[in-house]
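The values are calculated or read from the model by the stated rules, or taken from the named source; none is laboratory data. The structure presented is a predicted model; accordingly, all values stated were derived computationally and were not measured. Every residue, glycine as well, gets a Cβ built from its backbone with ideal geometry; the counts of neighbours run over all protein chains shown. Remember, those area values only see protein heavy atoms, side chains included, never the ligands or the DNA or RNA. Shrake-Rupley method; radii C 1.70, N 1.55, O 1.52, S 1.80 Å.
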Amino acid sequence: MSIEVVAKALKELGHPTRLGIYKRIMKAGSEGVAVGKIAESLGVPNSTLSHHISSLMSAELISQHRDGRILYCRANYDMRETVLSFLEDECCVESDV
């Protein structure tokens with residue numbers, strides 16, 4: 001995993017609203033959560049929510065799928081593990097420097 005990809009993911013998670021959205025999506029599990037439920041639970045206006053969801057998608061932290069008229073967000077658990085592994089492998093190793 002390149003440092004640029006990990007940096008983008010961390011940048012997107014560095015915003016309090018996006019972090020809250022990501023946390024809500026992560027808690028939903030593999031089924032995902034309806035966008036309307038995210039807006040309702042966090043009290044975020046739809047236009048603001050759409051912007052933040054787009055940012056999380058661009059960092060490949062989440063994906064979306066539609067079921068009829070309902071749009072769901074689902075966490076990309078592989079990306080989460082990639083970022084965490086990168087931090088463990090690259091940043092938490094003793095060094096002679």
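Listing for the model above:
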quantity: Kirkwood Rh (inverse of mean 1/r, distinct Cα pairs), the chain, angstrom; calculated: 14.1 Å
quantity: Net +/- balance of residues flanking residue 42 in space, Cβ distance below 13 Å, scoring K and R +1, D and E -1; calculated: +4
quantity: Debye, to nearest 20: dipole size of the chain, +1 on Lys, Arg Cβ, -1 on Asp, Glu Cβ; calculated: 800 debye
quantity: Residue 60 accessible area, 1.4 Å probe, all protein chains in place, Å² to nearest 10; calculated: 110 Å²
quantity: Summed residue charge, Cβ within 13 Å of residue 21's Cβ, Lys/Arg positive, Asp/Glu negative; calculated: +4
quantity: Neighbour net charge for residue 72 - beta-carbon separation under 10 angstrom, K R +1, D E -1; calculated: +1
quantity: Selected from 76, 22, 45, residue furthest toward positive end of dipole (the chain; charges at beta carbon); calculated: 45
quantity: Residue 19 accessible area, 1.4 Å probe, all protein chains in place, Å² to nearest 10; calculated: 90 Å²
quantity: Span from the the range 25-44 Cα centroid across to the the range 58-86 one, whole angstrom; calculated: 12 Å
